[in-house]
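So the structure is just underneath, and the comments pick up after that.
The values are calculated or read from the model by the stated rules, or taken from the named source; none is laboratory data. All figures in this text were calculated on a predicted structure; none of them were measured in a lab. With ideal geometry, Cβ positions are generated from the backbone for all residues, glycine too; neighbour counts draw on all protein chains shown.
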Amino acid sequence: MTPAPIRGPWLAPAAVLLCLSIGLASVFLPRRGPVVHSETLFVFGTLVEVVIYGETPDRAKAATAALDRAFRRYHQDWHAWRPGELGRLNAAIARGESQVVSPELAALLRRGQALSTASGGLFEPAIGRLIALWGFHDDTLPTGPLPDPAAIDRLVQATPRIADLRFDGNLVRSLNPAVQLDLGGYAKGAALDLAADALARAGIHDAVLNAGGDLNVLGTRGAREWRVAIRDPYGWGAVAALNVHPGEVVYTSGNYERFLEQDGARYSHILDPRTGWPVQEIVSATVLDTDGARADAAATALSVAGRDAWMDVARAMGVKMALLIDADGRLLATPAMAERLEATSPAQSDGRAALPTTTVALSGAPAWN
């Protein structure tokens, strides 16, 4: 069956470069009509594009400047590997001591506990030592040999879990000194959620926040909804497109932007906390939701769950719309997600054959190919 054509306008080339330079989804911007204000910031180790539709330049610039200040504060306070509030907490945990944190960080940590519990521990923000052992704690790609398997096993056997944290107000301690918090699996989603709320409070109702391809959408672009394309993890084409309703978010975890390559094999930055080794079955996982932190965490958890368990984990985390691409090139979708997706054309822009679009029908999900 020939894939259905994508409907709607495409991005201007410059916008494609901005939105796809690092991430997985691109925003289809209008070419005419009310003013579109776009600024690109660099925080969280990625490009964050703020697109505001239909506002005066002064209001849009002021709102973007406020977001820039907030993002930089989150980047400083929530970074696991640089001096800041989370770094001080990690140091205190390693010493077996308690640490007072800000209400904002305390709330973020409690949210992480809830997300980890819902995922059955497949999303685990406490495995910072494992992340560092693999070299995925830096902004640059790791090089060198694979970690010592014995060292991986020792860290896994220590069973660090964010559930080990205990709170007395904003005083935080850990029952397990092996806990090293790395909030990269959901902090970006939490930050974009806060930013979207800030824009709404400022009276800005139509905007997109695009952090390396992870999106929070406010409102519409006039009479039309915002539109995104989901990237082919095997190239620079797209495997599907969808319209994003007001208040929805789109987050993707993939193995093709951050990885360790050794002897021709690629090792993903997404680690299975049960084994300490990178996931292999799932190449990318995209979650469409209304909560950025949950979508961010779920994209990781579904990747770890693999082909057999991802549907159960999605259900446990309250995720109804998800699309996974496995190592064999199959597209696996929840029923609700399959209804929203529109397949791309079979030819990629670089002349390659398109990614196979054989979809496994799950729980009555319509198969599309």
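Residues in the stretch 40-49: is at least one under 25 Å from the mean Cα position of the chain (by Cα), surrounded by 14 or more Cβ atoms within 10 Å (Cβ to Cβ), modelled with pLDDT of 85 or more and in a helix (DSSP H, G or I)?
no
Among the residues of the stretch 77-126, which ones are more than 16 Å from residue 167 (Cβ to Cβ) and touching a His at 6+ places or on another chain (Cβ under 9 Å)?
80, 81, 82, 84, 87 - these are the residues of the stretch 77-126 that are more than 16 Å from residue 167 (Cβ to Cβ) and touching a His at 6+ places or on another chain (Cβ under 9 Å).
Just need a number here: residues in the stretch 42-85 that are under 19 Å from residue 206 (Cβ atoms) and not small (Gly, Ala, Ser).
Residues that pass the stated criteria total 14.
So which residues in the stretch 56-69 are under 23 Å from the mean Cα position of the chain (by Cα) and surrounded by 15 or more Cβ atoms within 10 Å (Cβ to Cβ)?
64, 67, 68, listed by residue number.
For the stretch 324-344, what are the residues that are small (Gly, Ala, Ser) and part of a strand (DSSP E or B)?
To start, the set of residues in the stretch 324-344 that are small (Gly, Ala, Ser) comprises 327, 329, 333, 336, 338, 343.
Answer for the stretch 324-344, where residues must be small (Gly, Ala, Ser) and part of a strand (DSSP E or B): 333, 343.
Can you find a residue in the stretch 313-323 that is β-branched (Val, Ile, Thr) and in a loop (DSSP other than H, G, I, E, B)?
yes
Do you know which residues across the stretch 50-76 are assigned to a loop (DSSP other than H, G, I, E, B) and either in contact with a His (Cβ under 7 Å, 6 or more places away or on another chain) or of a type in the set (Val, Ile, Thr) (or both)?
Listed by number, the residues that qualify are 55, 56.
Among the residues of the stretch 264-276, count how many are surrounded by fewer than 21 Cβ atoms within 10 Å (Cβ to Cβ), modelled with pLDDT under 95 and either outside any strand (DSSP E or B) or among the acidic types (Asp, Glu) (or both).
Summing the residues that are surrounded by fewer than 21 Cβ atoms within 10 Å (Cβ to Cβ), modelled with pLDDT under 95 and either outside any strand (DSSP E or B) or among the acidic types (Asp, Glu) (or both) in the stretch 264-276 gives 1.
Consider only pairs whose beta carbons are under 6 Å apart and that are at least six residues apart or on different chains; among these, list those whose first residue lies in the stretch 88-110 and is farther than 15 Å from residue 191 by Cα and whose second residue is among the charged types (D, E, K, R) and not in a helix (DSSP H, G or I).
Listed by first residue and then by second, the contacts come to 98/173.
Would you be able to tell me the number of residues in the stretch 277-323 that are buried (at least 24 other Cβ atoms within 10 Å of the Cβ) and aromatic (Phe, Trp, Tyr)?
Going through the stretch 277-323 one residue at a time, the tally reaches 1.
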